[in-house]
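Read-outs throughout are calculated quantities, based only on the coordinates presented, and are distinct from any laboratory measurement. Since the model is a prediction, treat every value here as computed from it, not as a measurement. Cβ coordinates were reconstructed from backbone atoms using ideal geometry, including for glycine residues, and neighbour counts include every protein chain displayed.
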Amino acid sequence: MVSINKLRFISFGLMVYLCFTACEEKLFTGNVDCNECYYPKPDSVDLVIYWSHSDEFPEIPVLLYIDNIDDGEFIDTFFVFNSSPAYIWVKADRRYAAKAIYSNNERTVYAIDGTNQKLKRVSGVCEEDECWVIENEELFLELAY
């Protein structure tokens, strides 16, 4: 006869095993749009950056960093004008941060955001054996009026 402690131990071990294997295999965030899948796993993906456009700030420099702004690696500065968003091709599975500088003759306003971009593997949902989807691929540098 199996003791209750052995059953608890086996149940606990099975739960731990399922948690670790499931986290590597599946995406638990709801529906997956198979049209947005990458196959095979990409090295680089789009980072989507939104900003506010107005006549008050016609040209906005955006500074992009790996990790965070204070002690991260500076990547590049680019200028945005009319239409939002911008799509920047970056390495996948990294943390990114950006700073937009809204400036005119009267004042300067900074908008800062960061994201921990992740690729997640989804299996058993789409036609391909595996599909990779991006989580946290957006930065929001919009002004609140």
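Go through segment 54-122 and name the chymotrypsin sites (Phe, Trp or Tyr not before Pro) that are in a DSSP coil and have 15 or fewer other Cβ atoms within 10 Å of their Cβ. Let's see the in-between values first.
Numbers: sites: Y65, F74, F78, F79, F81, Y87, W89, Y96, Y102, Y110; in loops: F81.
Passing sites in segment 54-122 are F81.
If you plug each phi of segment 50-57 into the Karplus form 6.51 cos²θ - 1.76 cosθ + 1.60 with θ = phi - 60°, what whole-Hz ³J(HN,Hα) values come out, in order, with x for Gly and Pro?
So the Karplus estimates, Gly and Pro as x, are 9, 8, 9, 10, 7, 5, 5, 10 Hz.
In square nanometres, what is the average projected area of the Cα convex hull of segment 28-141?
The number I arrive at for segment 28-141 is 8.1 nm².
Label-point separation (nm) for Y145 and N105, each offset 7 Å from Cα along Cα-to-Cβ?
2.1 nm
For V80, enumerate residues with amide H under 5 Å from its amide H, sequence gap 5+ or separate chain, H modeled in the peptide plane.
I60, V62
What are the trypsin sites (Lys or Arg not before Pro) within segment 53-130 that DSSP puts in a loop, where the Cβ has at most 12 other Cβ atoms within 10 Å?
Answer in residue order: R107.
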